[in-house]
Structures are given as structure tokens and as C-alpha cells.
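**Student:** Here it is, the structure, as C-alpha cells.
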Amino acid sequence: MSVEAKTLEERQAALKGLGTSRKRVEDARFTQGKGNYVDDLKMPDMLFGDFVRSQHAHAYVKSIDTTEAMALPGVIAVLTAADLEPLNLHWMPTLAGDKQMVLADGKVLFQGQEVAFVIAEDRYIAADAVDLVKVEYEELPVLVDPFKAELPDAPILREDIADQKEGAHGPRRHPNHIFTWEQGDKAATESILESAAVVAEETVYYHRTHPCPLETCGAVASMDKVNGKLTLWGTFQAPHVVRTVASMLSGIAEHNIRVVSPDIGGGFGNKVGVYPGYICAIVASIVTGKPVKWVEDRMENLTSTAFARDYWMQGKIAATAEGKITGLWCHTTADHGAFDACADPTKYPAGFMSICTGSYDIPTAYLAVDGIYTNKAPGGVAYRCSFRVTEAAYFIERMIEVLAIKLDMDAAELRRINFIKKEQFPYQSALGWEYDSGDYHTAWDKALKAVDYPALREEQAARVEEFKAGKTRKLMGIGLSHFTEIVGAGPVKNCDILGMGMFDSCEIRIHPTGSAIARLGTISQGQGHATTFAQILASEIGISADDITIEEGDTDTAPYGLGTYGSRSTPVAGAATAMAGRKIRAKAQMIAAYMLEVHDNDVEWEVDRFVVKGAPERFKTMKEIAFASYTQAIPGIEPGLEAVSYYDPPNMTYPFGAYIAVMDIDVDTGVTEIRQFYALDDCGTRINPMIIEGQVHGGLTEALAIALGQEIAYDELGNVKTGSLMDFFIPTSWETPNYVTDFTETPSPHHPIGAKGVGESPNVGGVPAFSNAINDAFRAFGSTHTNMPHDHWRIWKTANDLGLHA
Amino acid sequence: MIPGRFDYHQPDSLTAALTLLNDLGDDARVIAGGHSLIPMMKLRLAMPEHLVDLKAISDLKHITVKDGSISIGAMTTQAELIGSAELALSAPIVKETALQIADPQIRYQGTIGGNVANGDPGNDMPALMQCLDAEFQLSGLDGQRTVKAREFYEAAYFTARDDLEILTEIVFPVCTGGYAYEKQKRKIGDYATAAAAVLLTRGADGSCSHASIALTNLADTPIYCEDASKALMNSGIDDASIAAAVKSCLEIIDPVDDNRGPAAFKKHAAGIVLKRAIDNAWSRA
């Protein structure tokens, strides 16, 4: 056999396992337009749903008249809250322990809120009928500023729970107050602040933005009244959780519900939660007995499905005169919109915001987060990050810069002297986390060397002099960022979603001829799982990745899992894959030993086969073993070669990285140019370097969007000002610079293959790098901090406020 | 983002199109490339019952340079403007402007006629046409008439074109002097925060023998800066005259606050963009 003629290295390479830049197997269909997305589904007799939405941010719904809409030929039904109430589906639970209106129940609380659901024979009739539904509103005062939520004249938004003094996360001090979440030692931190040589203070706003996946959210529900089975196809980042929630809400037994996530065109946290459209499609299908499709349009996506961020982070950071940080204090006002629909593990109402001590050895810290209701869309999801980690990283990376200004120190050096040292890992943070591994100094020094940091600072200083001398109108900013992520939620003892522990799973079947299928509880939205999970398995079981099918997203076939978000697929499902692979290998070892007529312990694993110790010519390849498992009667061993693993990780993983952005800023127009971007990522063991690079490019591009212009802005009446892609910034290739990527590799000590996850790091680290570059450009002129997004006019305003246009 | 119902017509001659417009009256709209109209229809801000598509009328698609004059058929796409070697020689500012409109995909669809006729102050071609002193040919069932670009725009979306007329052709003189179209925008595909079209011709003695300035998206119509243009011709080009011209232009603009920023910022940006356009045009003159 030709396989046997190959060298060890050739056999290794043939597996296309860990560390191989294997081409994405998904791309053949995506690049040819052959993907199968939810809106591609077509079924006989399928009906279409569309929403009547509120144009008001806060109003009572006095009446809904559906007569004219119902009279339009082709309209089947118009659902309102009154129709859903008998089913107890006019409200639904949120992932954050709150509840949310499915359809307006007496009032509306944000512009774009779902008021009625029209069901019609085609999509156009549905839209026409939406225009014919007459809703009478009585407008109410609007609350858009969370800092005004508890003033005496503030309107009460959630009258349904106005009297509840206790929420899902403890006491509520006001009807517009959701929770207060505290971590760390308040008294000790405040005492350090009082006595510290230096204290820097700043309020850092991480504005409201939106994940805006290319494909919007949608679902097709099909109730088969003959067999009693409900099938729900949809854009779900967590299909199993959707099945369980659908069962609990509808009363349909869980085995009679099949949830399928087909190809998904990006999620970025937007597709974790459950939306009114899903519920209405299900109810409509149950009522009509026909499949019902609901797919939102771009404006509906931007204005009504889950937003991200909107954190006002007030910070105080204490240090010695030499710059050693001694304490960190943070109070965050979190604008959650009309319902608390954050997608966080149950016990973490502010997600992992308590990772806000970042990459630094800060002995004492305190964090408090107040969640507030406003007349804005609900959400607060992890947009390409682990729960609230971008907020935390942005906060600490801005505070470090602010402290450097106060100390009149170089910000790179300030970071260096405060980094957690390599030998301190596993490191216990002041806010309760155990960082698994890291080598920040090595990464930092590599990054600074790669960009020739001292030369950049010299050039910047020269540029400032030229500017002051009237020789240039452009300033230069150097944006430093050293971030630490916390991903891979997570240990079941700490992390759950609606009570479901955040484990994940993998089930492997080896076919008789030596190829395989593996199914996982996660679901790719573009991450390339079909490529990378096959690589993990290839290295574990010695079957080429090309011979392994990866399947996800169908709850009738895949093992239960908590889905894909928060960079958890590799840390959790990737670990389950490796562990299931090891079970396969353990059984294969027994089969090989039987076939080779030796004791189990007398064979050893070698790339793709078991070899008799000391007799390398005697071996059985995995392919031969697989065949034997189905064809031979082996005493004491069950036929077949399958395994399943449910993996509960012992800890999170802590990827990190060092990013440096160099930007030029036109002081007169506010126009910016990204001259250089260097990104060093350490995501532990690297599974597929090409996919890592792609992930980093994508995440950095979303980061530049957020930092430089992407926002969901409201006016004082609660109108969304940025509800289309004309105003909501999505960078094209034109706005995107060339990125230089680099890496160090510090494996996670607790993960079976040492991998940590990477998809979200570039967004977490990228935003502070870009924002720090803009802010750094104005440091020489006395500016300490300006808020994102750094679009043209806001940069111009900074320059104008500093008198640079005089 | 689902439009209302409409009937679609694709006449193959100008007369047929004009007859349709006449017969259908207010319920009909002419569609060229559709990149302004279709989004408005998807938002149901426009709900025409009939669309009269001009794309099958071959007479409306041409670029002709003859006797010092350039005529362009209304259905000529932005991509065709960019790709025309003749136009690049006879009026290079057209290509420079078209390249700053939207993105390549849209430029394959969007037409010069639609861009100038729609009356959207965000469109780039109207100011350019004023800068070039172009004339628009308007055809109705009763005959043709010509309106100067500088007299065509009345207010946002209101122009001198009668609802029953079709803008068929754009005519302007060959211009081979110095030129620049400078546009500040937030991103590809965006309308201008501020943009300026400038033509400057250097006379044999080094003076400025011709000057023309027009501005985009800084009022509810394009702004032709007649005074500043004349002043530059009289005074020649130097730092003081440029500063005076910019100042004169800024006095007649009236930008509004929007997501691109407040009016004060736009005014400042307009001054910068215009100064750069003048410098650039003069350096090419």
C-alpha cells in the first residue's frame, strides 16, 4: 500500500491535522452561491409573516384595528397580544431572567417593537397588509438617557414589574433599575484610592452598536398536525437551547420538536437570543397547519434585534509614583433598553465584565454594574466577544492610557511594569478569575520590536513639532493594546443558560472503510467548524481530515450542546472532540492489539496506526482497525467504533494578544488613515493558522468599524438615527487596511489540546488599539480621553475644542 | 423593505415612453438605474403605481464628442463614463467624479441622467454639471427644450423638469484645463459630507482665464459659486485670492445637521475640501 511507503512526516502531513493551513471545506459552496440559508427554504403552501412595528419609543397601545388588513385578499391572519395571551405566549422569558413582550401588550417600549404579526400567502401581501393595520397610540414621555432613569420626573417604563423590589439579580431600587452587580472588595479599593500617590479618573463610554450579521435573523416553522411534530429552521447560534425553550413555552414535548440551524451568514451574538419572530412563526404554523416563514429585513435587524455594548464605565485607577498599579475601581451604568435580554450566563448579569483588570497584576479591585431600563431596543449581546469582555478590555486599556498621561509615562512601559508575570500563572485576579496561562512580556516585546516602537515615538514627536510650526496639518497616533480575553464558557458549576449547563459535546462514528462523521453541539456561522474540528479529530484518531464529515445544527441528530458564541466552540466542543477521539483511540488500541496478537500495552500510537513496541514493521492502521471493528468478532469488545463525549471544562481559557495601530489624522477634516496595524495573537495551540488569520482580519475589521463610526444612535424622542447601512458603518475593502498578523503560542494547561479560542480576540483587542491611536494623537495637546465612535466630525470636534483650528 | 405594488413598463422608444407618462399621469415614475428610486420604494416613501423604464431606449445611451462639445445620453452609466477614453481626454473631471460615486457594482447600474434628474442634493453629478455649465435636454410630447444645469435645481427633489418630461441628454463644452473633484465622505457609498468641483484654466500669461466652482450636499440644491468663480478669473490664483474665493463660497452654503455631523463642522470641512480642490485643479492647469 502506498500509505505504508510514506515517511512518518508524509503520513503526518496527509492527516491535515493540527497546525495545518487546510483550506476551508465550506467555501466551495459559499463561493458558488450554493449555501443553504433559512431564507432559501421553500415549501409547498408556505406562508409569510411580517410585523407591524411601533414608530413610537414609548406609548400606550389604545387599539389595534385589523379589519382592513384582514380584508386584503391573501391575508390569512393578523396576530396581536390578545391572540397570544390564551396560549400564554404574549410574553416570553429572556436569557437574563427578565421577560419580554412578544407582541405589544398594552404599551410599546421602543421604536421598532413588534405590535402585530401579519400572516399572508406571499411576502408582498404581508407587507401590504402591515400598512393596513391601524394602531392607535397614546404617546408617553421617552427615556433615552440612563442617567435620568431614576430622576423624580422619569417615566416608569416597565409598569408590569414596577412594584417588584427584587429582580433576577437581587434588589431593585427603582422601577427603571434592573440590578446592581458587585464584585471585588469595595472598602479595600476605596481605601487604596484615598491613600494612593496617583489616581487617574475617567468615564469611558462604549457606545451602543450592533452585530449586524450579513444574514439577518429569521425562521421557518412547520407544524405537522398528522404526526404532531414541529420543525423549526432558523438562524440559531444555540439550536438545542432553542428546542428546550420552545418546548417549555409551547408545551410540545421536546422529542416532538426538531430545531435546525442551516447555513448561517454570521451571528456575532445577534443570533443567540430568542426573538418574537420565532415565536410568532411557530404560533402561526400551529394555527394554520402550514409552514410559516419570517425573515427580518436589514432595518428591522438593526433596530429591533439584539444590540451590543452601551456601557458607561466610570473608572478610577490608583498607582505608585513609579507607576505600579495598586487598585482599580469601576462603576458601570449599563443601558439595557426596554427589556433585560442580555445573553449572559445566568449568574453573570454583566457577563464577564469582571475581567476588567485585564493583563495586569492589580492586587485590589472593585466593580459595580447598574442595569437600567430605557426606551431602546433590548439586547446587550456579546458582539464578537465573550460576554461583555470587549467592554472590560476597552475600559482597562483606556484607563492605562489615562494613567500613563497622569504619570507622564510611556504607555508601553506602564503596561510592561504591570503585566502579570509568566511565573504567576495560574493567576488569581482580584475580581475572582483564575487565568490559566500567559506570557505577556514576551508577546509585548515582540510586538514593540516588530513595529520599531521607539522609532514610531520619535516620528510622532517630530510630527507634533512640525504641526506646531505650521508645516503639517496631520497628527500621528500610536494605539497600544494588550488584551486578555476570557472565553470558553464554561464550567457547568458557574455557567448556565436558562439552567442548562454550558458543557458541549461531540459524537463520532467511524465508518467501516475508515472514514468518519462527527457531530457537535455547536453551530458554525462562518467560523469554519467543518474544517477545523476535522483537523482536531485527524490528529487524535489518525484519519485524514478530508475523510471526516463534521455536522452541526440539527437537534434530531447532533448531541446536546450550548451552541457557538463567546469563542466557546474550540475551548468546549473542541475539547469534547478531542476527548471523544481519545475514546475511539482507546478502543482501537484494544482492537489493534487483538489483531496483532499482543497485549494492549504492547502497542503504541504512531500518527495513524498502532505499532507493536520494538517491532515497527508490525502495525495496524486506523483504517484497518475500523474495518476490523465491523467485520471481526473480537472477544470482549462490542462491534463498531463510535464514541461520544460531553465536556465540562474545568476553567475558562484566557487568550491574549498585543496589538499596535498607527494612524494619521487630518486635524482639519477629521479624516483618519490607518497606516499600519500589527496584531499578535496568542490563542494557545493553533489548529489552522489560515483560519486564525482570517478570523483576526475579520475581527479587526469589525473593531475598526466600531471604533471609527459604527453606532446605533437615538435622538431624544427615541428615534433610531442609524437604522440603515447608509449610516450604520460596515467597512468595505476600501476602508480596511492591510493587517500584519503574528503569534506566540502559550497552550492552555487544562484544555486537552491546549487551544484557547481566537475568533473574538481581534474585536476585543482591536477596538482599544484603534481608539487609543486616535486619543494618543491628541495627547500632546492636552487631551486625556474622547469617546468612540471616532468618526470625522467627532475627531474634528476634539481638534476644534483643543483650539487646533485657530 | 418590501415595495408596494406597481406595474412595470419598458418602452423601446422615447415617444412611447413619453406617451406612457402622458397617459399614466401622476401615478407613473421614470426609472433609470433605480439606485435612488428603488430604495425609496422599498421604504414605501415612494409608491408609484407604474414604472417606466428607459433602459430599452437605445438612443439614450451614448457619449459623443464633436466640435468642442460633449453630449452624453441620459442612460449612460457611471461605469461607461469611467470607461470612456474619449471622455477621459475631453473632460477628465467627469471620470474623477464618477469614481467617487457609490461603489463599482452600483456604478454599473447608476446613470448620469438619473443622477442629475433626481434632484437629490447628495448626488455628485449635479454640482459637476453646474461647474461644467452643462445643459440638460428635456423632451416632452410637445417637443424639446434646454435648461442650464445652473438653473435646473429648485429645492431638494424639485427641479425644472416637468413630470411629463424626460431628461434625455446632457451637453457641455470640452474642458481640458485644470480640474478637481474633491469629496469628503465617511465611507465608500456615502454621500458627501462636503464636496467641490473646480475647473481652472491657466492662460498663456499664467493668469486664470477660466474658473468655475460648484459644491455638493452643502444646501438643498447644488451650489454654483458664481461670484467666487468670477473673482478668481479677475484676480488670478494666489493664496489671498483662494482664501477669498473659499470665504465667498462658504457664505452661500447652508448645510444641515445630520449623522455626518453638525452644520458647523460641514462648513469647516467644505472650506478645506474646496481649498484642496482649487489647489489641485490649479496644479493640473
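**Student:** Return yes when A:THR346 is under 22 Å from A:ASN270 (Cα atoms) and open to solvent by 10 Å² or more (accessible area, probe 1.4 Å) and no when it is not. Before you say what the answer is, go through the steps one by one.
**Tutor:** On the way: under 22 Å from A:ASN270 (Cα atoms): yes; open to solvent by 10 Å² or more (accessible area, probe 1.4 Å): yes.
So A:THR346 passes the test.
**Student:** Starting from segment B:43-64, take each residue that is touching a residue at least 12 places away in the same chain (Cβ under 8 Å) and within 16 Å of A:ASP128 (Cβ to Cβ) and list its partners that are among the charged types (D, E, K, R) and part of a loop (DSSP other than H, G, I, E, B), counting only C-beta distances under 8 angstrom and pairs at least six apart or across chains.
**Tutor:** B:GLU49/B:ARG5
**Student:** Still on this model: Taking the stated definitions as given, is A:MET690 open to solvent by 10 Å² or more (accessible area, probe 1.4 Å), among the hydrophobic types (A, V, I, L, M, F, W, C) and more than 14 Å from every other protein chain (Cβ to nearest Cβ)? Spell out the reasoning first.
**Tutor:** On the way: open to solvent by 10 Å² or more (accessible area, probe 1.4 Å): yes; among the hydrophobic types (A, V, I, L, M, F, W, C): yes; more than 14 Å from every other protein chain (Cβ to nearest Cβ): yes.
Yes.
**Student:** Now for a different question. Please work out which one of (1) open to solvent by 30 Å² or more (accessible area, probe 1.4 Å); (2) away from chain B (no Cβ under 14 Å); (3) over 29 Å from A:TYR654 (Cβ atoms); (4) assigned to a loop (DSSP other than H, G, I, E, B) is the condition A:ALA780 fails and give its number.
**Tutor:** A:ALA780 satisfies all of (1) open to solvent by 30 Å² or more (accessible area, probe 1.4 Å); (2) away from chain B (no Cβ under 14 Å); (3) over 29 Å from A:TYR654 (Cβ atoms); (4) assigned to a loop (DSSP other than H, G, I, E, B) except (4).
**Student:** Here's something else I'd like to know. Can you pull out every residue in segment A:122-158 that is within 14 Å of another protein chain (Cβ to nearest Cβ), farther than 14 Å from A:GLU68 by Cα and either open to solvent by 60 Å² or more (accessible area, probe 1.4 Å) or out of contact with any Lys or Arg (no Cβ under 9 Å at 6 or more places or on another chain) (or both)?
**Tutor:** A:ASP122, A:TYR124
**Student:** A further question on this structure: Could you figure out which of (1) outside the structural domain of B:ASP162 (by TED's automatic domain parsing); (2) farther than 19 Å from B:ILE106 by Cα; (3) touching a Ser or Thr at 6+ places or on another chain (Cβ under 7 Å) isn't true of B:VAL65?
**Tutor:** (1)
**Student:** Is it the case that A:GLY438 is open to solvent by less than 10 Å² (accessible area, probe 1.4 Å) and either within 24 Å of A:VAL402 (Cβ to Cβ) or not charged (D, E, K, R) (or both)? Lay out the reasoning, then the answer.
**Tutor:** On the way: open to solvent by less than 10 Å² (accessible area, probe 1.4 Å): yes; either within 24 Å of A:VAL402 (Cβ to Cβ) or not charged (D, E, K, R) (or both): yes.
Against the criterion (open to solvent by less than 10 Å² (accessible area, probe 1.4 Å) and either within 24 Å of A:VAL402 (Cβ to Cβ) or not charged (D, E, K, R) (or both)), A:GLY438 qualifies.
**Student:** For segment A:536-568, which residues satisfy the criterion of being more than 30 Å from A:ILE486 (Cβ to Cβ) and among the acidic types (Asp, Glu)?
**Tutor:** At the first step, the residues of segment A:536-568 found to be more than 30 Å from A:ILE486 (Cβ to Cβ) are A:541-544, A:546-549, A:554, A:556-557.
Within segment A:536-568, A:ASP546, A:ASP547, A:ASP554, A:ASP556 qualify.
**Student:** Let me ask something else about it. For A:ALA806, all conditions in the list (1) in contact (Cβ under 8 Å) with a residue 12 or more places away in the chain; (2) within 14 Å of chain B (Cβ to nearest Cβ) hold save one; what is the number of the exception?
**Tutor:** For A:ALA806, the failing item is (1).
**Student:** A:PHE770 passes all but one of (1) modelled with pLDDT of 95 or more; (2) in contact with a Ser or Thr (Cβ under 7 Å, 6 or more places away or on another chain); which number fails?
**Tutor:** Going through the list (1) modelled with pLDDT of 95 or more; (2) in contact with a Ser or Thr (Cβ under 7 Å, 6 or more places away or on another chain), A:PHE770 breaks only (2).
**Student:** Oh, and also: Kindly establish whether A:GLU540 is more than 19 Å from A:ARG24 (Cβ to Cβ) and outside the structural domain of A:LEU232 (by TED's automatic domain parsing). Step through it out loud before you land on a result.
**Tutor:** Numbers: more than 19 Å from A:ARG24 (Cβ to Cβ): yes; outside the structural domain of A:LEU232 (by TED's automatic domain parsing): yes.
Criteria met by A:GLU540.
**Student:** What strands (runs of 3 or more DSSP E) lie completely within segment A:174-277 and have 2 or more residues being small (Gly, Ala, Ser) and over 30 Å from A:ARG398 (Cα atoms)? Steps first, please.
**Tutor:** On the way: elements: A:177-184, A:198-209, A:218-224, A:229-234, A:257-260.
Answer list for segment A:174-277: A:218-224.
**Student:** Any residue at all in segment A:623-637 that's closer than 25 Å to A:ILE517 by Cα, in a strand (DSSP E or B), at pLDDT 95 or above and among the polar types (S, T, N, Q)?
**Tutor:** No.
**Student:** Can I ask one more? Any chance segment B:9-27 includes a residue that's at pLDDT 95 or above, within 14 Å of chain A (Cβ to nearest Cβ) and either assigned to a loop (DSSP other than H, G, I, E, B) or crowded, with 17+ Cβ neighbours inside 10 Å (or both)?
**Tutor:** no
**Student:** Of all residues in segment B:189-225 being among the polar types (S, T, N, Q) and closer than 16 Å to B:ALA127 by Cα, which is nearest to the chain's Cα centre (by Cα)? Full working, then the answer.
**Tutor:** Of segment B:189-225, the ones among the polar types (S, T, N, Q) are B:193, B:201, B:207, B:209, B:212, B:216-217, B:221.
Narrowing the set further to residues that are closer than 16 Å to B:ALA127 by Cα leaves B:193, B:212, B:216-217, B:221.
Numbers: B:THR193: 16, B:SER212: 15, B:THR216: 9, B:ASN217: 11, B:THR221: 11 Å.
Once the filter is applied, the top-ranked residue is B:THR216.
**Student:** Next question, about the same structure. Name the pairs whose Cβ atoms lie under 8 Å apart, with the first residue in segment A:493-507 and β-branched (Val, Ile, Thr), the second open to solvent by less than 40 Å² (accessible area, probe 1.4 Å), and 6 or more positions between them or separate chains?
**Tutor:** A:ILE497/A:LEU95; A:ILE497/A:ALA238; A:ILE497/A:VAL241; A:ILE497/A:ALA343; A:ILE497/A:PRO345; A:ILE497/A:LEU562
**Student:** Restricting to segment B:174-217, what's the tally of residues that are of a type outside the set (Gly, Ala, Ser) and within 14 Å of chain A (Cβ to nearest Cβ)? Steps first, please.
**Tutor:** Step one: list which residues in segment B:174-217 are of a type outside the set (Gly, Ala, Ser), which gives B:174-176, B:179, B:181-188, B:190-191, B:193, B:198-202, B:205, B:208, B:210, B:213, B:215-217.
Filter once more, so that each one left must be within 14 Å of chain A (Cβ to nearest Cβ): B:182-188, B:190-191, B:193, B:217.
The number of residues fulfilling the criteria is 11.
**Student:** Looking at (1) part of a strand (DSSP E or B); (2) surrounded by fewer than 20 Cβ atoms within 10 Å (Cβ to Cβ); (3) modelled with pLDDT of 95 or more, find the lone condition where A:ALA658 falls short.
**Tutor:** Result: A:ALA658 fails condition (2) only.
**Student:** Could you list, in sequence order, all residues of segment B:51-78 that are open to solvent by less than 30 Å² (accessible area, probe 1.4 Å) and within 21 Å of B:GLU165 (Cβ to Cβ)? Quick ask: steps written out before the conclusion?
**Tutor:** Just the residues of segment B:51-78 that are open to solvent by less than 30 Å² (accessible area, probe 1.4 Å), to begin with: B:51-54, B:57, B:60, B:70-78.
Scanning segment B:51-78 gives B:LEU51, B:VAL52, B:ASP53, B:LEU54, B:ILE57, B:LEU60, B:SER71, B:ILE72, B:GLY73, B:ALA74, B:MET75, B:THR76.
**Student:** Also, quick follow-up: Name the single residue that is nearest to A:GLY709 (Cα to Cα) among those in segment A:724-749 being at the interface with chain B (Cβ under 10 Å from one of its Cβ atoms) and among the aliphatic types (A, V, I, L, M). So that I can check it myself, show each step before the final result.
**Tutor:** From segment A:724-749, those at the interface with chain B (Cβ under 10 Å from one of its Cβ atoms) are A:724-735; that's our starting set.
Filter once more, keeping what is among the aliphatic types (A, V, I, L, M): A:725-726, A:730.
Numbers: A:LEU725: 12, A:MET726: 12, A:ILE730: 9 Å.
Step by step, filter segment A:724-749, then rank; the result is A:ILE730.
**Student:** Can you report the number of residues in segment A:742-777 which are over 30 Å from A:PHE503 (Cα atoms) and either within 21 Å of the chain's Cα centre (by Cα) or not in a helix (DSSP H, G or I) (or both)?
**Tutor:** Looking only at that region, the number is 5.
**Student:** Can you go through B:LEU81, B:LEU99 and tell me which one is out of contact with any Asp or Glu (no Cβ under 9 Å at 6 or more places or on another chain), open to solvent by less than 10 Å² (accessible area, probe 1.4 Å) and at pLDDT 95 or above? So that I can check it myself, show each step before the final result.
**Tutor:** Working: B:LEU99 fails: open to solvent by less than 10 Å² (accessible area, probe 1.4 Å).
Just a single option satisfies the conditions, and that option is B:LEU81.
Residues are listed down the side, and each one gets a yes or a no for (1) under 25 Å from A:PHE51 (Cα atoms); (2) at pLDDT 95 or above; (3) crowded, with 22+ Cβ neighbours inside 10 Å:
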| residue | (1), (2), (3) |
| --- | --- |
| A:VAL272 | yes, no, yes |
| A:THR303 | yes, yes, yes |
| A:TYR311 | no, yes, yes |
| A:ILE325 | no, yes, yes |
| A:PHE339 | yes, yes, yes |
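**Student:** Look at segment A:352-382 and say how many of its residues are part of a loop (DSSP other than H, G, I, E, B) and modelled with pLDDT under 95.
**Tutor:** Filtering segment A:352-382 for residues part of a loop (DSSP other than H, G, I, E, B) gives A:352, A:356-359, A:361-364, A:374-378, A:382.
Filter once more, so that each one left must be modelled with pLDDT under 95: A:382.
So the count comes out to 1.
The values are calculated or read from the model by the stated rules, or taken from the named source; none is laboratory data. Computed from a predicted structure; not experimentally measured. Every residue, glycine as well, gets a Cβ built from its backbone with ideal geometry; the counts of neighbours run over all protein chains shown. For the accessible areas, the whole protein counts, side chains as well, though only heavy atoms, and no ligand, DNA or RNA atoms are used. Shrake-Rupley method; radii C 1.70, N 1.55, O 1.52, S 1.80 Å.
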